[in-house]
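Here the structure is laid out as structure tokens; the discussion comes afterwards.
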Amino acid sequence: MKLLVTQLILSVMCLSACCLNAQADGVTFAEQPEGRLQVMIDGKDFCTFNTGDQWNKPFVFPMHTASEKNVLRTIVPTQAEQGSAKDGTDHFHHKGVWVGVDSVNDEKLNFWHEESRVDCQKIEHTVAENGVGIVTLTSVWLQEDKPLMNEVTQYTIHPNRLLTCRIELSAVDRDVTFHDTKEGFFAVRVAHSMREMEGGRISNAEGLKGEKDCWGKTSPWVDYVGEVDGQTVGVALMDAPENFRKSRYHVRAYGLFAISPFGPSRYSNGRETESPVTLSPGKENLKLTYGLYVHDGDTEAGGVAAAYQQFLKAVAPK
């Protein structure tokens with residue numbers, strides 16, 4: 001009888017340990033005050049979604065590698081506090097990871113520099129059976145206080161720190177036109193110490209190197225690698241084949257890193273013609289898909305090419 005009880009206790013302890021391990025594996029969420037949603041992978045902090053009313057747009061900050069290095073620049077909260085590219089406190093509107101663009105409609109509404117506001121009205125999260133997390137943001141782009149455009153953005157977070165980002169935009173009650181601009185669209189501001197001007201490295205899928213050769217080009221992916229606390233880390237952006245046109249990379253030595261379909265003329269320095277994109281109420285919505293991959297090590301050690309193949313499989317039409 002004593003042996004049976006002992007075996008039963010051991011079995012319960014083993015089952016409890018297995019349950020704890022299962023809970024620690026994959027993506028989990030923790031809701032925090034002021035509209036923050038913390039995302040953890042295998043029990044360690046990965047990133048936080050910031051959607052509170054105190055901000056002029058939703059954004060993600062911070063964002064960590066598996067070795068717990070934050071690849072994003074510290075937030076500069078107000079225009080009054082911005083400085084210069086040299087000291088890394090310029091561009092207060094470069095907050096973590098975000099979606100935005102300027103030159104919208106003939107009024108040239110500016111959702112890039114936060115002159116116009118994007119309100120996140122709802123954030124939802126769930127975890128699939130395979131440990132993949134899904135975060136959905138429902139937001140409205142405002143012209144003054146009136147809704148101009150609806151946005152539904154879904155982030156699928158894989159345990160290896162690959163994110164797929166599906167963005168869907170729809171006009172509310174009047175046409176919305178995205179003019180030709182370089183200021184957009186799905187963007188990252190990398191950590192100060194990662195910047196190319198601090199010794200960081202920029203490369204794309206074709207093997208081109210540096211801001212000079214990668215800026216304004218199309219490519220399946222671009223990787224931005226640098227040092228954080230003495231350790232090599234990186235963040236890659238990826239373009240999806242099903243997007244309505246190939247996107248270009250607005251990648252800078254001072255740390256801005258973005259991908260956008262809206263600036264063929266600006267990105268080609270006028271060699272290509274302007275090609276505005278217009279959404280009309282009740283017509284087909286604009287859908288864009290991008291990937292973001294956070295990794296330890298350089299481009300090769302971090303497995304960026306393999307992560308891109310994973311991204312293709314994840315976003316392929318079913």
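Every read-out reported here was derived from the displayed coordinates using simple, explicitly stated rules and does not represent laboratory data. If you're wondering where the values come from, they're calculated on a predicted model, not measured in any experiment. Cβ atoms come from the backbone with ideal geometry, glycine included; neighbour counts cover every protein chain shown.
A few notes on this one:
- Relative contact order (%) - segment 50-204, alpha-carbon pairs under 8 angstrom, separation at least six: 22
- Beyond 23 Å, the tail of the calculated P(r) for segment 174-299 holds 33 percent of the Cα pairs.
- Global form of segment 153-199, assessed from the alpha-carbon gyration tensor, a/c cut-off 1.5: oblate
- Taking the C-alpha atoms only, the angle from helix 2-24 to the longest principal axis of the chain is near 10 degrees.
- Only Lys, Arg, Asp and Glu carry charge here, each on its Cβ (+1 for the first two, -1 for the last two); on that basis segment 158-241 has a dipole of about 120 debye about its Cα centre.
- Stretch gain in nm, segment Ala128-Gln231, where the contour uses 0.36 nm per residue and the Cα spacing is subtracted: 33.9 nm
- Take every Cα pair under 8 Å whose residues are at least 6 apart in sequence, average their separation, divide by the length of the chain, and the relative contact order is 15 percent.
- Taken over the chain, the alpha-carbon convex hull comes to 168 cubic angstrom per residue.
- Stokes-Einstein diffusion for segment 21-65 at 37 °C, viscosity 0.692 mPa s, with a Kirkwood radius from C-alpha pairs, works out to 298 µm²/s.
- Ranked from largest, the principal axis spans of the Cα set of segment 194-255 equal 40, 19, 18 Å.
- Rg ratio (alpha-carbon, reference 2.2 N^0.38 Å) - segment 238-303: 1.40
- Dimensionless Rg ratio for segment 111-214, taking C-alpha atoms and the 2.2 N^0.38 Å reference: 1.36
- Relative to the dominant Cα principal axis of the chain, helix 304-315 is inclined by about 90°.
- Here the sum of -39500 (n - 2.57) over DSSP H runs of 4 or more residues, divided by the residues of the chain, equals -4000 deg cm²/dmol at 222 nm, to the nearest 500.
- Cα-based reach from Lys146 at 18 Å (exclusive), listing lysines while leaving out same-chain residues under 8 positions away: Lys57, Lys108, Lys122
- Debye intensity ratio in log₁₀ form over the Cα atoms of segment 43-193, taken at each q of 0.08, 0.09, 0.11 Å⁻¹: -0.24, -0.30, -0.45
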